[in-house]
Every structure is written in structure tokens, then in C-alpha cells.
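These notes concern the structure reproduced below.
Where a number appears in this text, it was derived from the coordinates with a stated rule and is not lab data. Just so it is clear, the model here is predicted, and its values are computed rather than measured.
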Amino acid sequence: MGEGLIQGGALVFLLIGIGFIAGSYGTLVGLGGAVILTPVLLLLFPQADPIVLTSVTMGVVFLNALSGTVSYISQKRIDYRNGIYFALATIPGTIIGVWTLQFISPKAFSVIFGLVLLIFAVIIWFRPLPKQIQTITNTPDGNKLENDNKGLNYNCNRPLGVALSFIISFIAGILGIGGGIMHMPMMLYVLSFPLHIATATSQFMLVFTGLAGTITHATAGTYMQSWQILLWIALGAIPGAQIGARLSKRINSIILVRLLVLGLVLAGLRLAVAGIGM
């Protein structure tokens, strides 16, 4: 990625604006922002090494998730216990997924999974949000959180969540995508997380996965080619994450689900088109 690409002032402001939009949307829906950032970077820098663009996306996801998590901490909406268990399960899953990549066809897998995400998007669009259990008392597996200064208790099948997190990270490792796009539907429709808790917890989990990916790229020296691009986008993504976290508290659940569907559609189209073009 040549330095000439970032010398224009217009491009700098464009990158900051893109970071702000990706950070706001990613934190609002709990997806990290990569679903918007990756296709835009591919359009802006079509000749760049995909690994370099991936390093930028991963760095932004980490910084965005960290910024959004700080805001969600103050709102007391993060399920730390389950979030840490799920995040830890993604580490071996991602490693095995990357290792498995050498034995399968990325093209076919990308197309198939892209179509699966599009199908999920259609199902979620027409399926109402599950009725969340708001009050469960005297249950040892209940998770007690505070939301808007009111007690919130709900059940979560943690072993199932850990297993699904492993599978999701395995798929993400093969495809080179973030797991947030799959963790959100998992927490909502399988584990019955309250929507706003799922959003905050997903963002919290992305701090771990984003940090691991960022350290990996930094160790490999990838950021020597992309640090300036990362800097400009991060300048927009960090405040954008703060805005997204605050908006998430005020936006209707149905709208948040529709925004999640948008993310699934964008990710599905990207994977399907990328697979066909390989």
C-alpha cells in the first residue's frame, strides 16, 4: 500500500468519515464495524494486498470494540462472565480454522457460507425477536445484570454458548472474517440474550478477538505498510463507537434487529461475491 494513497487531504477526511460510520454502526449492532469497513477498503485500495487490508480492519475492530466497551461498562450492560467464556472459546477455534484452511477450497466455502448468511438474514427479518425472559429468580444459572438501574435476570446455556463460539470462530478462521456477525444471532435466537445485553457483550468479546488478531499482524510486521491508513480510520472509529453505544440505549429493538439484518446481508454478499471472484 503506497504512501501516495494517503497524501490527499480529501482521502484523509474520507477515511475518518468511514471510520466514524463503521464505528457507530458496529458498536450499535455489536458487529465491530468490519462488515462495512472491509468492502469499502477493497473499493478504495483494489491493488492492495488483502492481508494488509485485513490488518487495518482487525486493528480498527479492536480499537472500536475497546471504545464501545468502555461506554457499555458505564451503562452496566455487559455480561462479563459469559462473555469471557465465549471469547476464550474463540481462540482455539480460530487457530484450528486457520490451520484447516489449507485442506479445503476457500472459494466454495466462501460462496456457501455467504449464501447461508443471506438465508439467515431473510429468516431473522421475518421472524419476530424472541421473547426475552426478564425476570428469573432463585435459579443458579441465572445471570444478574443491571440495566437502567433495574435488575435483569435471565438464563443462559453457557456450555452450548461455548461450543457455538468455538464453531463460529472456526468458520471465521477459515473465511478470515470477524465472529461478531454470527455471535449476535447466536446470542439472540439460540441463547435468548436480551437484545441490548447481547449487543454490549458481543462488543466486549470483540476486544479479545480483535486484540489477538492485531497482535498477530503486528508481530508479522504487517502494520509497517498500513499504519497510516489505520490511524486515520481509527480517529473516526473511536468517537463513532461512543456514539453507537449511546444510540443503542435509545433505539427500538426492532430497528436494531433490522440493522443486524443489514450487516448479515452485507457480509453474505461480500463472501459470496469474493468466493465467485476467486
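For the range 222-233, in order, what is each residue's ³J(HN,Hα) by Karplus, 6.51 cos²θ - 1.76 cosθ + 1.60 with θ = phi - 60°, in whole Hz (x at glycine and Pro)?
5, 6, 4, 9, 10, 5, 6, 4, 4, 4, 5, 5
Using the Karplus equation 6.51 cos²θ - 1.76 cosθ + 1.60 (θ = phi - 60°), what ³J(HN,Hα) coupling, rounded to whole Hz, does each residue of the range 31-44 give in order, writing x for Gly and Pro?
Result, ordered by residue: 9, x, x, 5, 4, 8, 5, 4, x, 5, 5, 5, 6, 6 Hz.
For the range 4-82, how big is the tail of P(r) above 20 Å, as a whole percent of Cα pairs?
37 percent
What span do the alpha-carbon atoms of the range 38-122 cover on each of the three principal axes, reported in whole Å from largest to smallest?
42, 31, 29
Just to check I understand the Karplus step: with θ = phi - 60° and J = 6.51 cos²θ - 1.76 cosθ + 1.60, what whole-Hz values come out for the range 254-259, glycine and proline as x?
Rounded to whole hertz, the list is 4, 5, 4, 5, 4, 5.
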